[in-house]
Amino acid sequence: MTDKKDTTEDQKAKDNPNLEQNKKEEPHSAIGKVISVGFIGGVFWSALAYLAYSLNFTEISPNLILQPFALGDWKEGTLGNTISIVLIGVVSIGVALAYYAMLKRFQSMWIGIAFGAVLWALVFFILNPIFPNLDTVYELPRGTIVTTVCFYILYGVFVGYSISFDYNEFHSSAES
């Protein structure tokens, strides 16, 4: 007799939507996840790049993004670097959306590595003229080049693999 009572109580517990174990996590949109990955990736990797700059591993700090604008001397200090880190996170959203639009179906670390290397080449070869304080690649010290290439590659792998993994995970679970 108690077994029947326990069974009905278990059934009531399973049907009660107010219980924590019965609540389902709200699904996030794919674009929302891409935006999150882009912003977090930009902030995280540019903050690490600022640490590398502070430890003299590179001559390039995140405030490079503010160099084309005449904003005053504050952009050279900690405030300028902090604002630059957040601004890089915002720009990184666009980069992540571009990755999502073009490369989301490839679930390979090598695609992320190539993506990061292409971004580095874009910034240091193509966009170099808009940054007045940035020397050409041929004038930069070897340590700065290696450090920045590594950061861009790590950023590319982070953004690329996160977006591709989420996209492929969603599509594999939808097919099941």
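Details
- Scanning the stretch 34-60 for residues being closer than 21 Å to Asp166 by Cα and without any contact (Cβ under 8 Å) to a residue 40 or more places away in the chain gives a total of 1.
- Residue list for the stretch 94-114, restricted to those being of a type in the set (Val, Ile, Thr) and either more than 12 Å from Gly41 (Cβ to Cβ) or exposed (fewer than 15 other Cβ atoms within 10 Å of the Cβ) (or both): Ile111, Ile113
- Checklist (1) surrounded by fewer than 16 Cβ atoms within 10 Å (Cβ to Cβ); (2) in contact with a Phe, Trp or Tyr (Cβ under 9 Å, 6 or more places away or on another chain) applied to Leu134, failing item: (1)
- Only a single criterion out of (1) surrounded by fewer than 18 Cβ atoms within 10 Å (Cβ to Cβ); (2) free of Cβ contacts under 8 Å to residues at least 60 places away in the same chain is not satisfied by Trp120, namely (1).
- Val91, sole failed condition from (1) surrounded by 17 or more Cβ atoms within 10 Å (Cβ to Cβ); (2) under 21 Å from the mean Cα position of the chain (by Cα); (3) closer than 16 Å to Ser46 by Cα: (1)
- Residue match in the stretch 64-76 (condition: closer than 30 Å to Pro129 by Cα, surrounded by fewer than 17 Cβ atoms within 10 Å (Cβ to Cβ), at pLDDT 85 or above and aliphatic (A, V, I, L, M)): no
- Taking residues in the stretch 61-73 that are within 13 Å of Leu87 (Cα to Cα) and free of Cβ contacts under 8 Å to residues at least 60 places away in the same chain, and partners anywhere that are hydrophobic (A, V, I, L, M, F, W, C) and surrounded by fewer than 19 Cβ atoms within 10 Å (Cβ to Cβ), the pairs with Cβ atoms closer than 6 Å and at least 6 places apart or on different chains are Ile65/Leu87.
- Glu59 vs. criteria among the charged types (D, E, K, R) and touching a Pro at 6+ places or on another chain (Cβ under 7 Å): yes
- In the set (1) among the basic types (Lys, Arg); (2) at pLDDT 70 or above; (3) part of a loop (DSSP other than H, G, I, E, B), the condition left unmet by Lys33 is number (3).
- Condition broken by Phe125, with the remaining ones in (1) surrounded by 13 or more Cβ atoms within 10 Å (Cβ to Cβ); (2) in a helix (DSSP H, G or I); (3) more than 17 Å from the chain's Cα centre (by Cα) satisfied: (1)
- Filtered by the rule that a residue be among the polar types (S, T, N, Q) and within 16 Å of Ile93 (Cα to Cα), the stretch 37-83 gives a lone residue, Ser46.
- Within the stretch 52-108, the set of residues being in a loop (DSSP other than H, G, I, E, B) and among the polar types (S, T, N, Q) comprises Asn56, Thr58, Ser61, Gln67, Gln107, Ser108.
The values are calculated or read from the model by the stated rules, or taken from the named source; none is laboratory data. Values in this document were obtained by computation on a predicted structure and should not be read as measured data. Every residue, glycine as well, gets a Cβ built from its backbone with ideal geometry; the counts of neighbours run over all protein chains shown.
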